[in-house]
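What follows is calculated from the coordinates using simple rules that are stated; it is not laboratory data. Treat the numbers as computed from the prediction; the structure is a model and nothing was measured. Glycine gets a Cβ as well: all are built from the backbone with ideal geometry, and neighbour counts include every protein chain shown.
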2 protein chains.
Amino acid sequence: MNSNIKWLREKLKMLDMQGMIITNPINIHYLTGISVSAEGVLLITRKENIYITDGRYIEDVNATLTIDDGIIVTDFKDISKDDYENFFLFCENVGFEEDNITYGQYKEYMHKYRINNFEETEHMLEKQRMIKDIYEIENIRQACHITDRCFNHLLDFIKIGMTEKEISNEIEKYFDENGADGLAFDTIVASGVNTSKPHAVPTDKRIGPGDPITIDFGCKYKGYCSDMTRTIFAGFIPEEVKPVYNLVLKNQLQTCKDLKEGANIKIISKMVENDFKLHGYSLIHSLGHGVGLEIHELPYINSKNDIQLKENMVITNEPGIYIPGQFGIRIEDTIQITKFGSINLCTSDKNYIIVDKN
Amino acid sequence: MNSNIKWLREKLKMLDMQGMIITNPINIHYLTGISVSAEGVLLITRKENIYITDGRYIEDVNATLTIDDGIIVTDFKDISKDDYENFFLFCENVGFEEDNITYGQYKEYMHKYRINNFEETEHMLEKQRMIKDIYEIENIRQACHITDRCFNHLLDFIKIGMTEKEISNEIEKYFDENGADGLAFDTIVASGVNTSKPHAVPTDKRIGPGDPITIDFGCKYKGYCSDMTRTIFAGFIPEEVKPVYNLVLKNQLQTCKDLKEGANIKIISKMVENDFKLHGYSLIHSLGHGVGLEIHELPYINSKNDIQLKENMVITNEPGIYIPGQFGIRIEDTIQITKFGSINLCTSDKNYIIVDKN
């Protein structure tokens, strides 16, 4: 068995659960390496780990697993009513993922598997996933590296007169041609007044001289995500934008310094909120979020979350200021927490950047 | 109030439910016209219909609704704890959609809305959606019409040496440029031996002379789907393929004739299964499925479903034979059931078609 499944079995023992049904495909991938597209259910029973899937995925799943994983793969068509009833025989308590099963499935599973006590597991796998191992960090680092190189490519590519969509298409093409599995999320390219909306979608608007351009993008590498934002400028930087840019950058840099094992998420977030308030602005979204197999995962970095950071969490640091009807600035890196500080997995320049200068 | 919501309120009365929480975005769209992307929850309370959504969707939602819809739109941020507790005050039974709510949400809603009896509604909206009104049929007809014209375009476009992906990209482009909202599902273009897999994904394989090409495709028009499959040939038709093609076509045509109000789905499916068996083949997937706002919806057309067809159901008729390692043939139309027969909403030719003949 691999170390993640071993960990889960220990955890279940501690919780007095004799089995678990795992339905979240990301958690199944985390535990087994099985692709999230090979739909199925992972059973942790007293004696075995069993992946129940559809016939058309079995070849793929078997190609992913090795004998060391200790997982039996079965076509759901080959499972009898008796088999279902025997999986959790002699199990008093069986765990399930309450946010990854519908109410209808909950009732169906209770009945089909003849479960005595079906117990919520309160995101224990998502919480475990917060701490990344070396393999995971290496994949996130690779995803960030491709993202950095893409950004570098964009600095030559972006010209006044191009549309936001042309730029976002180029990002997709670059990722496709440079070793990424795909996009980590829908790319944001916003220019001019569109930068004032934090979740802008690329439009046919053309880049004009003096436009700020917010690019929020990331790719996947072996399933792991990167997430980076830069706000750059076309031709020149309007004077009124500079103080806002400086304020965002100052806070982003200060946060990079403050991040380390033991730092309190609430306090870190409050410091940025307070500094923005002091200057007449406010932080209208979270300061960041965990990054891993999902683009947004635990821990959430905002002033409601009164917990401490731990070594090998990977999170974003993305303060932003948005002035409705005018412009917005956001600067974001993906960052690994260490015992005594943090490692910035994104290395792209954060000072003023002007593209298409002449 | 529109007629769909009126129907729902009557139905709830009959079921002795005084309210309902609707969470399936397709059902919300069906009842209100609100876009499926404007995430939210629809409450049917004693006195009001309330759509609770996120601030960023409110403008869009209000632009969709008219005063006649009788729906109040609210930002969830403006709803207090008391508001939640008052929505279903004096309601003994409140319905919910058991397959569109997680177990976690189920518990959260019970608590937040202080619901006495939270009752499963057993897909009553999905069942109601089986019968299409004039507006819905007109939209499906339009989607089928665009699909027919796309097929006609492909007959000129497809040449030996092209890849499957090139053809599927052309389909997407055609839909995009000819009035469709988008794809109804991921297009299947399979050629040669790839046609032996019913759910093939377009690859970089080039079309060779004598290849059968299965094209299974459809678009959306005002949210409604079309679904059509043709198997055509590049250059010439290999002799060994013809008997299989003829058998599939014969059954597809016979089914078209048999479909009408009152026809039994199980019997219709059995007839095709039996005829295939008689010739040494088998029907390895359903004969068809309902089509509407979703590409696959009720009723499912297979020999396990012992129910009668009704007027204004819209379903597919798609027999197929797949010979592993050799080739496959599938022919599919989208069909409206009428009192005395059926109307084929797809009009493309189903006889032998050869493209790039010389």
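Express in whole angstrom the spacing between the alpha-carbon centres of the stretch A:279-301 and the stretch B:18-65.
The two parts, judged by their Cα centres, are 28 Å apart.
Net charge near A:His289, counting Lys/Arg +1 and Asp/Glu -1 over other residues with Cβ under 9 Å of its Cβ?
Numbers: positive: none; negative: A:Asp227, A:Glu297, A:Glu318.
Every neighbour counted, the sum reads -3.
Would you please classify the overall shape of the stretch B:134-355 from the alpha carbon gyration tensor, given that a ≥ b ≥ c denote the square roots of the eigenvalues, rounded means a/c under 1.5, and beyond that prolate means a/b larger than b/c while oblate covers the rest? Mind showing how you got there, number by number?
On the way: a/c = 2.01, a/b = 1.17, b/c = 1.72.
Here the stretch B:134-355 falls in the oblate category.
Specify whether the C-alpha gyration tensor of the stretch A:3-129 places it in the rounded, prolate or oblate class, a ≥ b ≥ c being the square roots of the eigenvalues: rounded for a/c under 1.5, otherwise prolate if a/b is larger than b/c and oblate if not. Walk me through the numbers on the way to the answer.
On the way: a/c = 1.43, a/b = 1.14, b/c = 1.25.
In terms of gyration-tensor shape, rounded.
Return the distance in nm (one decimal) between the two label points of a simple spin-label model at A:Ile323 and B:Lys107, each offset 7 Å from Cα along Cα→Cβ.
Distance between the two pseudo-spin positions: 4.7 nm.
Below 15 angstrom from the Cβ of B:Glu122, what's the summed charge of the other residues (Lys, Arg +1; Asp, Glu -1)?
-4
With 10 angstrom as the radius, rank A:Leu278, A:Leu42, B:Leu298 by how many other C-beta atoms surround their C-beta, starting from the fewest.
Numbers: A:Leu278 9, A:Leu42 24, B:Leu298 18.
Lowest count first: A:Leu278, B:Leu298, A:Leu42.
Please sort by residue number the trypsin sites (Lys or Arg not before Pro) in the stretch A:142-233 whose DSSP state is loop and whose Cβ has at most 16 other Cβ atoms within 10 Å.
Details: sites: A:Arg149, A:Lys159, A:Lys165, A:Lys173, A:Lys205, A:Arg206, A:Lys220, A:Lys222, A:Arg230; in loops: A:Lys159, A:Lys205, A:Lys222.
The qualifying sites are A:Lys159, A:Lys222.
Taking every pair of distinct Cα atoms and averaging 1/r, then inverting, what Kirkwood hydrodynamic radius in Å comes out for the stretch A:177-297? Don't jump to the answer; show the numbers that get you there.
Numbers: mean 1/r = 0.0616 Å⁻¹.
The answer is 16.2 Å.
Pop the C-beta distance of A:Lys250 and A:Arg206 into the FRET formula with R0 = 30 Å and round what comes out to the nearest 0.05.
On the way: r = 31 Å, r/R0 = 1.05.
The pair A:Lys250/A:Arg206 has a calculated efficiency of 0.45.
When the Cα centres of the stretch A:112-163 and the stretch B:73-105 are compared, how far apart do they sit, in Å?
33 Å
Mind listing the Cα extents of the protein assembly as shown along all three principal axes, in Å, largest one first?
Principal-axis extents of the protein assembly as shown (Cα, largest first): 78, 64, 63 Å.
State, to one decimal in nm and shortest first, how far the label point of B:Cys256 sits from each corresponding label point in the other identical copies (label point: 7 angstrom along Cα-to-Cβ).
Distances to the matching label points in the other copies: 6.6 nm.
Find every distance from the label point of A:Asp68 to the corresponding label point in the other copies (7 Å from Cα along Cα→Cβ) and write them in nm, one decimal, shortest first.
When each copy's label point is compared with this one, the spacings are 6.7 nm.
Contact order normalised by length for the stretch A:134-355, with contacts defined as Cα pairs under 8 Å and 6 or more residues apart; what percent is it? Don't jump to the answer; show the numbers that get you there.
Details: 526 pairs, mean separation 53.4, N = 222.
Relative contact order comes out at 24 percent.
What is the sum of charges, Lys and Arg at +1 and Asp and Glu at -1, for the other residues whose Cβ falls under 10 Å from the Cβ of A:Met1? If you can, show how the numbers build up before the last one.
Numbers: positive: A:Lys6, A:Arg9; negative: A:Asp68, A:Asp69.
Combined, the nearby Lys, Arg, Asp and Glu give 0.
Under a straight-distance cross-link criterion of Cα-Cα below 16 Å, which aspartates and glutamates are reachable from A:Lys197, leaving out those fewer than 8 residues away in the same chain?
Here the aspartates and glutamates satisfying the reach criterion relative to A:Lys197 are A:Glu164, A:Asp186, A:Asp211, A:Asp216, A:Glu318, A:Glu332, B:Asp54, B:Glu59, B:Asp60.
With 28 Å as the limit, write out which pairs from A:Lys266/A:Lys339; A:Lys277/A:Lys339; B:Lys159/B:Lys277; B:Lys6/B:Lys222 have Cα-Cα distances beyond it, or answer none. It would help to have the intermediate numbers written out before the result.
Values: A:Lys266/A:Lys339 19 Å; A:Lys277/A:Lys339 31 Å; B:Lys159/B:Lys277 35 Å; B:Lys6/B:Lys222 22 Å.
Beyond 28 Å between Cα atoms: A:Lys277/A:Lys339; B:Lys159/B:Lys277.
How far is helix B:134-157 tilted off the main Cα axis of chain B, in degrees rounded to 10, range 0 to 90?
Rounded to the nearest ten degrees, it is 30.
Restricting to DSSP loop positions (anything but H, G, I, E, B) with no more than 15 other Cβ atoms inside 10 Å of their own Cβ, which GluC sites (Glu not before Pro) remain in the stretch B:98-148?
B:Glu122
Given labels modelled 7 Å from the Cα in the Cβ direction, how far is it in nm from B:Ile72 to A:Thr74?
Result: 5.2 nm between the two label points.
For a quick check of your reading of the filter: which trypsin sites (Lys or Arg not before Pro) in the stretch A:288-338 sit in a DSSP loop and have no more than 11 other Cβ atoms within 10 Å? Walk me through the numbers on the way to the answer.
Details: sites: A:Lys304, A:Lys310, A:Arg330; in loops: A:Lys304, A:Lys310.
Passing sites in the stretch A:288-338 are A:Lys304.
What nm distances, shortest first, do you get from the label point of B:Arg206 to those in the other copies when the point sits 7 angstrom along Cα to Cβ?
4.0
What is the spin-label model distance, in nm, from B:Lys173 to A:Leu278 if the labels are put 7 Å beyond Cα along the C-beta direction?
5.7 nm
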